[in-house]
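Chemist: Got a structure for you, written out below as structure tokens; questions coming shortly.
The values are calculated or read from the model by the stated rules, or taken from the named source; none is laboratory data. Bear in mind that the values here come from a model prediction, so they are computed numbers and not experimental data. Neighbour counts are summed over all protein chains in view; Cβ atoms, including those assigned to glycine, are modelled from backbone coordinates with ideal geometry.
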Amino acid sequence: MNRRTVLRALGLSALGLGVGAAAVESGVALASVPEPPRVPRAVAHPRPVPHMVEAPTPLPPYFPKPQLDRIPIPGGAIHGLPGDGDLVAFTIDDGASSEVVGAYAEFARRSGMRLTFFVTAQYRSWTEHADALRPMVESGQIQMANHTYSHPDLLTVGDGRIREELERCGDFIRATFGVEAAPYFRPPYGTYDGRVLAAARSVGYPQAVHWYGSVGDSGPISDADMSMLIDRWFLPQHIVIGHANVATVLNHFDEIATTIRDRGLQPITLDDLFAR
Ligand SMILES: [Zn+2]
């Protein structure tokens, strides 16, 4: 009989005998008395295992590290993943909400979901959750890529500012996570032209990553709309974009994971597929 069972028995017998004062004084005993009797004991009273490090709790499904023959990065701008296959790249931008960045880190830890973050470095959220993200960045489950320092529309700024925005964000990612964001960048608002690509290439960013499908949460969105977009866009070889800006996605992590699983898709980071 373990300790809680003893306390529960004591509490019940004390109530039955009308001598509950002793149980009241113990405090702990009464707190454990009103457990519903039909809860299976194995669930209600898991047996502690001494010296065991608490294991992460995988969500079903848990996505393993993919084994892929990597291909050269295409260069220029990509909107989807090349070729036929069962891959999907879920890419998360910005980071205006620290709560959402933290929730993505926890979702990834529990599910094995492979994510590429396009970091806007001005947001505190990346520093606030760096300790949670770093082990997954180091293992390759999470990739950090460049979404500029302060998110300007690159069509409206000069080449010098483009280079500065990318370099400042790259410096931040290197200092915070110990990894190199280059060659991957995503132009804010998805706007670019040949001049923007050339300026980016000149500071080590030859690969612009656009997308083919969005869950629609760069700003406020309803749960119903997000569910519709998840269903619409998580498809083979798609690059799907989400944002760590508004809380709607907090209600949809399991839906995203099960949609990917049920369609037989493998979530990947860009580095899982492309060789630098
Ligand atoms: Zn953005």
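Chemist: Counting only residues that are assigned to a loop (DSSP other than H, G, I, E, B), among the charged types (D, E, K, R) and surrounded by fewer than 21 Cβ atoms within 10 Å (Cβ to Cβ), which one in the range 172-207 is nearest to the chain's Cα centre (by Cα)?
Modeler: Selected residue: GLU180.
Chemist: Still on this model: Out of TYR123, TYR149, which single residue is in contact with a strand residue (DSSP E or B) (Cβ under 8 Å, 6 or more places away or on another chain), of a type outside the set (A, V, I, L, M, F, W, C) and under 21 Å from ASN245 (Cβ atoms)? Walk me through it before giving the result.
Modeler: Working: TYR149 fails: in contact with a strand residue (DSSP E or B) (Cβ under 8 Å, 6 or more places away or on another chain).
Of TYR123, TYR149, the one residue that is in contact with a strand residue (DSSP E or B) (Cβ under 8 Å, 6 or more places away or on another chain), of a type outside the set (A, V, I, L, M, F, W, C) and under 21 Å from ASN245 (Cβ atoms) is TYR123.
Chemist: Report the residue count in the range 182-197 for those that are away from the ligand (no atom under 13 Å from the Cβ) and either at pLDDT below 95 or under 16 Å from ASP159 (Cβ atoms) (or both).
Modeler: Result for the range 182-197: 5.
Chemist: Does ARG276 satisfy being under 22 Å from VAL119 (Cα atoms), surrounded by fewer than 21 Cβ atoms within 10 Å (Cβ to Cβ), touching a residue at least 40 places away in the same chain (Cβ under 8 Å) and not polar (S, T, N, Q)?
Modeler: So ARG276 passes the test.
Chemist: Still on this structure, please answer the following. Just to be sure before I move on: is ALA108 closer than 21 Å to TRP211 by Cβ and within 16 Å of the ligand (Cβ to nearest atom) in the structure I sent?
Modeler: no
Chemist: Looking only at the range 249-272, which residues are in a helix (DSSP H, G or I), buried (at least 21 other Cβ atoms within 10 Å of the Cβ) and of a type outside the set (Gly, Ala, Ser)?
Modeler: Within the range 249-272, the subset in a helix (DSSP H, G or I) is 249-251, 253-262, 270-272.
If we keep only those that are buried (at least 21 other Cβ atoms within 10 Å of the Cβ) as well, we get 249, 256-257, 260, 270.
Those that are in a helix (DSSP H, G or I), buried (at least 21 other Cβ atoms within 10 Å of the Cβ) and of a type outside the set (Gly, Ala, Ser): VAL249, ILE256, ILE260, LEU270.
Chemist: Let me ask something else. Going by what's in this entry, would SER218 be described as modelled with pLDDT of 95 or more and over 16 Å from ALA108 (Cβ atoms)?
Modeler: No; evaluated as a whole, the condition is false for this residue.
Chemist: If the requirement is being assigned to a helix (DSSP H, G or I), touching a residue at least 12 places away in the same chain (Cβ under 8 Å), assigned by TED's automatic domain parsing to the domain that holds VAL100 and farther than 17 Å from LEU270 by Cβ, which of these qualifies: SER227, SER218?
Modeler: SER227
Chemist: Which numbered condition trips up GLU255, out of (1) over 28 Å from ALA182 (Cα atoms); (2) within 16 Å of the ligand (Cβ to nearest atom)?
Modeler: (2)
Chemist: (1) touching a residue at least 12 places away in the same chain (Cβ under 8 Å); (2) more than 16 Å from the ligand (Cβ to nearest atom): which one isn't true of VAL100, the others all being true?
Modeler: So VAL100 meets the others, but not (2).
Chemist: Out of the range 120-151, which residues are surrounded by 16 or more Cβ atoms within 10 Å (Cβ to Cβ), assigned to a loop (DSSP other than H, G, I, E, B) and within 16 Å of the ligand (Cβ to nearest atom)?
Modeler: Correct list: THR120, ALA121, GLN122, TYR123, HIS147, THR148, TYR149, HIS151.
Chemist: Is it the case that the range 67-76 has a residue that's assigned by TED's automatic domain parsing to the domain that holds PRO236, among the small types (Gly, Ala, Ser), surrounded by fewer than 17 Cβ atoms within 10 Å (Cβ to Cβ) and part of a strand (DSSP E or B)?
Modeler: yes
Chemist: Go through the residues of the range 158-166 one by one and say whether even a single one is within 30 Å of PRO66 (Cα to Cα), in contact (Cβ under 8 Å) with a residue 24 or more places away in the chain and not basic (Lys, Arg).
Modeler: Within the range 158-166, one or more residues are within 30 Å of PRO66 (Cα to Cα), in contact (Cβ under 8 Å) with a residue 24 or more places away in the chain and not basic (Lys, Arg).
Chemist: Just to be sure before I move on: is ALA200 within 16 Å of the ligand (Cβ to nearest atom) and assigned by TED's automatic domain parsing to the domain that holds GLY83 in the structure I sent?
Modeler: In short, yes.
Chemist: So is HIS210 surrounded by fewer than 18 Cβ atoms within 10 Å (Cβ to Cβ), within 16 Å of the ligand (Cβ to nearest atom) and at pLDDT 95 or above or not? Before the answer, list the steps.
Modeler: Values: surrounded by fewer than 18 Cβ atoms within 10 Å (Cβ to Cβ): yes; within 16 Å of the ligand (Cβ to nearest atom): yes; at pLDDT 95 or above: yes.
Considered against the rule, which asks whether it is surrounded by fewer than 18 Cβ atoms within 10 Å (Cβ to Cβ), within 16 Å of the ligand (Cβ to nearest atom) and at pLDDT 95 or above, HIS210 comes out as yes.
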